[in-house]
Amino acid sequence: MDPKLTEVSQLFERFKAALVRNDFDTCSKLLSQLKILLIEFKSLPPLFEETPNAVQELTIARDIYEHAVVLSVKMEDQDAFERDFFQLKPYYTDVGRLTQSPQEYPILGLNLLRLLVQNRIAEFHTELELLSANALENTCIKHAVELEQSFMEGAYNRVLTARQTVPHETYVYFMDLLARTVRDEIAGCSEKAYDSLTVKDAREMLLISSDQELFDYIKEEHPEWEVKNGLVVFQKAKESAPCKEIPSLQLINQTLSYARELERIV
């Protein structure tokens with residue numbers, strides 16, 4: 001094996017071992033080293049030069065970027081996810097000589113989920129249109145599509161319960177973010193629709209499983225709410241601001257004055 005390829009392979013094995021241990025500092029350092037070494041491979045995008053070890057180089061580079069995407073999710077770093085995904089994407093779209101990676105559809109679906117969480121719906125649909133018919137039938141892609149449909153329809157209960165059926169373990173992070181967004185949306189609607197709800201009704205509406213979880217949610221996300229006498233009170237009682245009297249006579253006189261001025265102009 002080529003010495004450079006051997007060096008990359010050995011370093012990549014250390015990276016994977018650190019990832020299993022959740023040693024993110026070591027992973028980040030090793031990933032930076034790996035990306036520098038990959039620059040020396042002329043067979044990789046965007047050059048795509050024909051080299052004796054092109055297939056091996058392309059394969060290990062794709063594996064590295066796939067693991068980089070997984071690392072970004074584990075580190076809950078959405079910016080790193082976007083960078084690493086766009087470095088990985090050409091290996092899915094522009095490299096025809098490699099066999100399909102088993103991680104391709106899970107990662108493409110994960111990217112769709114990220115766009116949904118970030119409310120980048122136009123980009124979500126753009127990415128969707130680029131996928132093949134086979135990809136659209138994949139469980140991971142269908143999961144993201146169904147979530148987007150439920151979100152747009154306002155079927156928030158389906159969005160929240162979808163966390164229990166994620167097609168891949170890496171989806172949990174973005175599903176939690178989406179659940180938080182949905183709960184905030186439900187909470188905002190509830191505040192406008194009701195002065196208060198029973199603890200039970202609030203829990204059911206927000207699809208929260210226990211009273212304590214509801215209290216924790218209120219404490220962290222809505223400290224302005226009050227819990228008392230078995231009720232969740234959305235707003236403290238406020239004295240209604242007195243309505244200002246409309247100066248109708250003054251308004252009529254001004255309108256007539258403007259009309260007379262217009263007659264003079266005409």
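The values are calculated or read from the model by the stated rules, or taken from the named source; none is laboratory data. All of these numbers come straight from a predicted model, not from anything done at the bench. Glycine gets a Cβ as well: all are built from the backbone with ideal geometry, and neighbour counts include every protein chain shown. Remember, those area values only see protein heavy atoms, side chains included, never the ligands or the DNA or RNA. Shrake-Rupley method; radii C 1.70, N 1.55, O 1.52, S 1.80 Å.
Could you list all residues from the range 175-203 that are more than 23 Å from the chain's Cα centre (by Cα) and either loosely packed, with under 14 Cβ neighbours inside 10 Å or of a type outside the set (Asp, Glu) (or both)? Write out each step before concluding.
First pass over the range 175-203, keeping only residues more than 23 Å from the chain's Cα centre (by Cα): 190-203.
Answer for the range 175-203, where residues must be more than 23 Å from the chain's Cα centre (by Cα) and either loosely packed, with under 14 Cβ neighbours inside 10 Å or of a type outside the set (Asp, Glu) (or both): 190, 192, 193, 194, 195, 196, 197, 198, 199, 200, 202, 203.
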(request) Scan (1) farther than 18 Å from residue 110 by Cβ; (2) of a type in the set (D, E, K, R); (3) surrounded by 13 or more Cβ atoms within 10 Å (Cβ to Cβ) for the single condition residue 84 breaks and write down its number. (result) (1)
(request) Could you tell me which numbered condition residue 160 fails, if it satisfies all but one of (1) free of Cβ contacts under 8 Å to residues at least 60 places away in the same chain; (2) surrounded by 14 or more Cβ atoms within 10 Å (Cβ to Cβ); (3) closer than 23 Å to residue 127 by Cα? (result) (3)
(message) Given the options 172, 182, name the one that is without any contact (Cβ under 8 Å) to a residue 12 or more places away in the chain and of a type in the set (A, V, I, L, M, F, W, C).
(response) 172
(request) Please go through the range 87-104 and pick out each residue that is closer than 17 Å to residue 138 by Cα and open to solvent by less than 20 Å² (accessible area, probe 1.4 Å). (result) 101
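Scanning for something buried (at least 17 other Cβ atoms within 10 Å of the Cβ), closer than 21 Å to residue 78 by Cα, of a type in the set (Ser, Thr, Tyr) and more than 14 Å from the chain's Cα centre (by Cα), does the range 105-126 turn up at least one residue?
Taking every residue of the range 105-126 in turn, at least one turns out to be buried (at least 17 other Cβ atoms within 10 Å of the Cβ), closer than 21 Å to residue 78 by Cα, of a type in the set (Ser, Thr, Tyr) and more than 14 Å from the chain's Cα centre (by Cα).
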(request) Among the residues of the range 111-146, write down those that are under 17 Å from residue 184 (Cα atoms) and in a helix (DSSP H, G or I). (result) 116, 117
(message) For the range 178-231: of the residues being of a type in the set (S, T, N, Q) and in a loop (DSSP other than H, G, I, E, B), which is farthest from residue 151 (Cα to Cα)?
(response) 229
(request) Could you look through the range 219-235, keep only residues that are under 23 Å from the mean Cα position of the chain (by Cα) and within 20 Å of residue 157 (Cβ to Cβ), and pick out the one that is most open to solvent (accessible area, probe 1.4 Å)? (result) 221
(request) Of all residues in the range 14-60, count the ones that are open to solvent by 50 Å² or more (accessible area, probe 1.4 Å), acidic (Asp, Glu) and within 23 Å of residue 90 (Cα to Cα). (result) 3
(request) Go over the candidates 66, 76 one by one and state the one that is within 22 Å of the chain's Cα centre (by Cα), under 27 Å from residue 178 (Cβ atoms) and either small (Gly, Ala, Ser) or surrounded by 14 or more Cβ atoms within 10 Å (Cβ to Cβ) (or both). (result) 66
